[in-house]
């Protein structure tokens, strides 16, 4: 099962080229956050005072280049509102509307402190007044988007096996709610133009592109005449989209993948082989992809550095109701997850990549008694066995040797 970005400057030639190669990254413009939080990337000249004058737009001859600043990116797993989650949102709003911020408050300090925060919205939204539903065909209240924004998220991947649960209308409602909340998005789109244009977010002094794809849509066919509505996993397409984003100015390319085998702690062979292929791809000696973020399996999976690039095979479910595994038994692993936190430093020389200088994971647990996300990395958080299980799985492919540590 199963999260794009603020709409960037429209590089028209690149957008046309991306459309021809079938690039399908969906994004919409939203207001940038405070301070160092991401903002919409528009015409650089237009963002400067007096940009209408060619003289003022040109840099002063001999002026030193502005120093580059690194940034911290956090990413988290599937937001999957079962009926119990929907009811809790109504209760937290006092019975009038829905409020999903309280259930995420436990990780707000982690999310909001990052320069760029990415979530994964697994389901689509319904009309403002409902009706809403949980499993098997999810239709969630649009107020979920406002709760994610209030927690500090900037962008969400929206490509999942549930993206077509309510057809093209569900995609339109979901992305419209993201627009209203000021959240960017990647993975689904309302128009071919929206699907094709590059997606860039600002973080530090970097432009970060987020792309998102899913393995499938639960056998729901793509809407007639809308092959761009949901991005499906295809290695050639992912790499073409990544290169197009790089040509459009992306310093860092992040790829969100809805993949893997449900309830399996270990990444499956498809994840391993695709991960190796994507991280091995380079252009002019520079990797095409800088970070891979996985969702779908319902359980935490390992982090691993492959070909010099971090892959999170699966972050697990950040928000979900009672989860039952394939044998029909309630399985607490379905409420365990991790937040990945990656600190990027500017390149050491022109043409080099932005490097991850610090990599961390923060263990989380969704407590079904309180319907709250708990930060298990915090001191005295309790749930020691759960935290130890998440840590063991996350580190199971040797990421500790690459420098990955548990954070708070």
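The table for this structure:
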| quantity | calculated |
| --- | --- |
| Residues 160, 273, 402, sorted so that the one with the fewest Cβ neighbours within 10 Å comes first | 273, 402, 160 |
| Extension reserve of the residue 348-residue 368 stretch, reckoned as 0.36 nm per residue once the Cα distance is removed | 2.6 nm |
| Calculated FRET efficiency for the pair residue 169/residue 329, C-beta based, R₀ 35 Å, to 0.05 | 0.50 |
| Mean Cα-pair separation over length for the stretch 335-390, i.e. relative contact order, pairs under 8 Å, 6 or more apart, % | 32 |
| Sites residue 68 and residue 262 - FRET efficiency at Förster radius 45 Å, r taken between beta-carbons, to 0.05 | 0.65 |
| Fraction of beta bridges assigned by DSSP in the stretch 206-340 that are antiparallel (%, nearest 5) | 35 |
| The stretch 64-117, relative contact order in percent, only Cα pairs under 8 angstrom and at least six apart counted | 46 |
| Ranked list, fewest to most other Cβ atoms within 10 Å of each Cβ, for 253, 208, 348, 356 | 348, 356, 253, 208 |
| Residue order, fewest to most beta carbons within 10 Å, for 405, 279 | 405, 279 |
| Sorted peptide list for 226-235, 368-377, criterion being average Cβ within 10 angstrom, highest first | 226-235, 368-377 |
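Laboratory data are not the source of any read-out in this text; all were calculated from the coordinates shown. Note that this is a predicted model, so its numbers are computed, not measured. We place every Cβ from the backbone using ideal geometry, glycine too, and count neighbours over all the protein chains shown.
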